[in-house]
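Please treat every number below as a calculation from the coordinates, not as lab data. Nothing here was measured: the structure is a model prediction, and the numbers come from that model. Don't worry about glycine lacking a Cβ; one is built from the backbone with ideal geometry, like all the others, and counts go over all protein chains shown.
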């Protein structure tokens with residue numbers, strides 16, 4: 001396993017990144033890696049490695065394309081949970 005140095009250029013003060021990570025923390029499912037790969041491939045981009053996706057999720061690496069896919073997966077999960085709650089109540 002490669003030793004990754006924490007990205008010192010990552011700026012937590014970017015409000016859109018901060019909001020994205022807060023949303024991901026609340027709504028991203030446990031099985032997010034394969035769903036994120038499917039989301040990226042669906043857009044016609046090459047599939048990133050699972051480790052790269054985990055590193056973006058853990059804020060080790062900043063890649064906006066992968067962060068966007070993570071937010072989309074989290075949003076789909078949020079909508080699914082809300083629909084289940086609506087149908088079961």
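Couple of notes before you dig in:
- Taking the numbered list (1) loosely packed, with under 15 Cβ neighbours inside 10 Å; (2) on the phi < 0 side of the Ramachandran plot in turn, residue 59 passes all entries but (2).
- Filtered residues of region 22-34 (kept if part of a loop (DSSP other than H, G, I, E, B) and under 11 Å from residue 73 (Cβ atoms)): 28, 29, 31
- Tallying residues that are in contact (Cβ under 8 Å) with a residue 12 or more places away in the chain and assigned to a helix (DSSP H, G or I) within region 35-45 yields 5.
- Which numbered condition residue 48 misses (of (1) assigned to a helix (DSSP H, G or I); (2) surrounded by 15 or more Cβ atoms within 10 Å (Cβ to Cβ); (3) in contact with a helix residue (DSSP H, G or I) (Cβ under 8 Å, 6 or more places away or on another chain)): (1)
- Enumeration of residues in region 52-76 that are under 15 Å from residue 37 (Cβ atoms), over 9 Å from the mean Cα position of the chain (by Cα) and in a helix (DSSP H, G or I): 52, 55, 65, 76
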